[in-house]
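Working notes, structure below.
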Amino acid sequence: MLGPALYAGELDKALLRLPGLTRLDTLAPGEFKEKYVCFVRQPLDHRHPEKGSFNQRVVVCHAGFDRPTVFVTEGYGGAYALNPRYREELSRLFDTNVVVAEHRYFLESAPAPADWQYLTAENSAGDLHCIYEALHPVYPGKWISTGISKGGQTTLIYRTYYPDDMTLSVAYVAPLCRAAADGRHELFFRRIGTPGVRKKVHAFQLGLLKQREALMPLFEAYCRERNLAFRIPLPEVYDYCVLEYAFAFWQWGTPADAIPGKKASLRDRFDHFTAVSDPAYFALEQPNLPFFIQAAHELGYYGYDTAPFAGYLSITDCRDYLQRLFLPEGLVVPFKPDLHDRIVHFLEENDPKLICIYGGNDPWTAAAIPDMPHKRNRLILVQPGGSHLARIGTLPGKLKEKAVERITEWLNE
C-alpha cells in the first residue's frame, strides 16, 4: 500500500511503486499539475494469470491528491489523452484527477500475438479493477468511472463485474445490444427526427441506388486511390455504404440541408455520400478490428433494413454481415447474449449511482439501457434531437443542471 499521505512532487515516486509497472514517462501537464503515462503488466486471462501477459497503457492526469478521480474506461485506444490540451468533461466540471485506461488489444495495449480468446468483457473489467486497486491508495477520494460509446459500454461492464469499486458512473451514448444484429435500430429509424428529414434521407439513398451506373466509376476510383480492399465485390460494398448512410447521417447529426438536392451535380452527390458513409469503414484494413470481434462475440451490433430498397440492391440480405465483412478469414465468432443479460440483471437487482446520457436522434439510443423509474440512483438523460456527440455540456439547461446537481450531491455524500 502506498498510503494517502502524499504531497506535491511525490506523484512520480508513488507511480514508480505501482504493482506491475514496466515503464513510466512524464508528459506535458497542460491544464493539470502533473501528467504521466504508465505501462502496467496485465494478465491475458485474469482467471488464469499463467496464460501470459501484456502491457496496458494508462495515462494519469494529476489535479490533487485530495481531489476526486475520473476513471476513463476507454473502449478503444487512448492516444488522445497524451495531448497536453486533453481534459475530460467531468474533470473540468468538478476539478478532478483523470486516469485513462486504454482498452486491451488496442494501440499500445495490444498483446503480441493477438490471441482473440482473451479479448472478453470480463478480462477488460479485470484490467480496470487492477488499475483501480493500484491507484486507489494514491487517490483515496471518490472515483467516477466514465466512457463514451464503446467506452460507455465498458463503464457499464466494469460496474457490473466490480460494483463496489466506483462511487458513481457516467456513461455517454452507451448502447446495450442484445444480438450481433440487434433488430431495434431498424425500427428506431421509423420515428427518428422529423418525417420530412426521414423522407429526405431515404430519397437520397434511393437516388444513389438508381444512379449506381453513373456513380460506380467515381466509387471505384475513390477506393482505388485509397488502396481499399474488401472481402466482397465492389457493387456489394456500394450497397452497404448506401445502407450505412442513414445510420451515419443520424449518428453524427449531419444537417438535413447538407443533403444535395435534385439539381446537385453527380460529383456533389458523390462527395456528400462518401463524406457521410466512407467505404473505408468496410475495408479489410481495420484499425478497429478488435471492436468488431468484440461486437460479434458479446457486445452486439446493428443490422440494416433492406426492404425499402428492394429491387435496387445487388445484395439479397444482410444476415451475418458483421462476420462476413469485418472478421478475419477463418475466425468464426458465435454471439453470446450472456453479457447483455448479465448487465440487465445487475441493473434490475441493484441501484448503483449511474447517469446515462443519450442523443435523441442517435441510432445507438435504440439500444439504450432499460429505463427503470423506480431506481432512485438511475438517471437517464436524453438530449432532444441530439446525436452520438451528446454530453453533459450539450444538454438543455435544466437537464444539464440536473446532471451536475446529482453528481455534486453524490460527491458530497
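The values are calculated or read from the model by the stated rules, or taken from the named source; none is laboratory data. Just so it is clear, the model here is predicted, and its values are computed rather than measured. As a convention, Cβ positions derive from the backbone with ideal geometry for all residues, glycine included, and neighbour counts pool all protein chains shown. Heads up: the accessible areas ignore ligands, DNA and RNA and are worked out on the full protein's heavy atoms, side chains in. Shrake-Rupley method; radii C 1.70, N 1.55, O 1.52, S 1.80 Å.
So here's what we get for this one:
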quantity	calculated
Too-long pairs where the Cα-Cα distance tops 19 Å, listed order kept, from Lys210/Lys263; Lys51/Lys336; Lys142/Lys398	Lys51/Lys336; Lys142/Lys398
Crossing angle, helix 121-135 versus the chain [Cα axis fit, 0-90 degrees, rounded to tens]	30 degrees
The range 315-363 and the range 157-195: distance between their alpha carbon centers, rounded to Å	8 Å
Partner aspartates and glutamates for Lys13 [C-alpha distance under 14 Å; skip if fewer than 8 residues away on the same chain]	Asp25, Glu34
Relative contact order of the chain, pairs being alpha-carbon contacts under 8 Å that are 6 or more residues apart, as %	16 percent
Accessible surface, 1.4 Å probe, highest first, among residues Glu186, Glu348	Glu348, Glu186
Estimated dipole of the chain in Debye, rounded to 20 [Cβ of Lys and Arg +1, of Asp and Glu -1, Cα centre]	1000 debye
Phi to ³J(HN,Hα) by Karplus 6.51 cos²θ - 1.76 cosθ + 1.60 over the range 227-243, Hz, x for Gly, Pro	6, 8, 10, 9, 7, 10, x, 4, x, 6, 4, 4, 4, 5, 5, 5, 5
Largest-first ordering by accessible area, 1.4 Å probe, given options His374, His340	His374, His340
Centroid-to-centroid separation of the range 386-413 and the range 222-240 [C-alpha atoms, Å]	42 Å
At R0 = 22 Å, FRET efficiency that the Cβ-Cβ distance of Asp341 and Arg319 yields, to 0.05	0.45
Heavy atoms of Cys61: accessible area, 1.4 Å probe, square angstrom to 10	0 Å²
Trypsin sites (Lys or Arg not before Pro) restricted to the range 199-254 and DSSP loop, no more than 15 other C-beta within 10 Å	Arg226, Arg231
Stretchable slack from Thr394 to Tyr80, in nm (0.36 nm times residue separation minus alpha-carbon distance)	110.9 nm
The range 35-93 and the range 252-303: distance between their alpha carbon centers, rounded to Å	30 Å
Accessible area in the full protein assembly, largest first, 1.4 Å probe, for Arg267, Arg406	Arg267, Arg406
Hydrodynamic radius of the range 343-413 per Kirkwood, over alpha carbon pairs, in Å	12.9 Å
Angle between the chain longest axis and helix 397-412 axis [Cα atoms, degrees, rounded to 10]	30 degrees
Per-residue [θ]222 nm for the chain (sum of -39500 (n - 2.57) over DSSP H runs n ≥ 4, rounded to 500)	-10500 deg cm²/dmol
Probe 1.4 Å, accessible area per residue of the chain, Å²	44 Å²
Nearest-0.05 FRET efficiency for Lys402 and Leu331, computed from C-beta distance (R0 41 Å)	0.40
Pairs from Lys150/Lys375; Lys35/Lys402; Lys150/Lys402; Lys35/Lys353 whose Cα-Cα separation, in the structure shown, is over 26 Å	Lys35/Lys402; Lys35/Lys353
Shape of the chain, Cα gyration tensor, a/c cut at 1.5	prolate
Distance between modelled label sites at Arg231 and Glu50, nm, 7 Å Cα→Cβ extension	3.5 nm
Share of carbon and sulfur in the accessible heavy-atom surface of the chain [1.4 Å probe, %]	52 percent
Alpha-carbon gyration tensor eigenvalues x 5, square-rooted, for the range 17-151, Å	24, 15, 14
Rough spin-label spacing in nm, given labels placed 7 Å along Cα→Cβ, for Glu108 and Ala214	5.0 nm
Point-to-point label distance, Ala264-Arg224, nm (Cα→Cβ direction, 7 Å offset)	2.5 nm
Folded to 0 to 90 degrees: helix 212-225 orientation relative to the chain principal axis, Cα	40 degrees
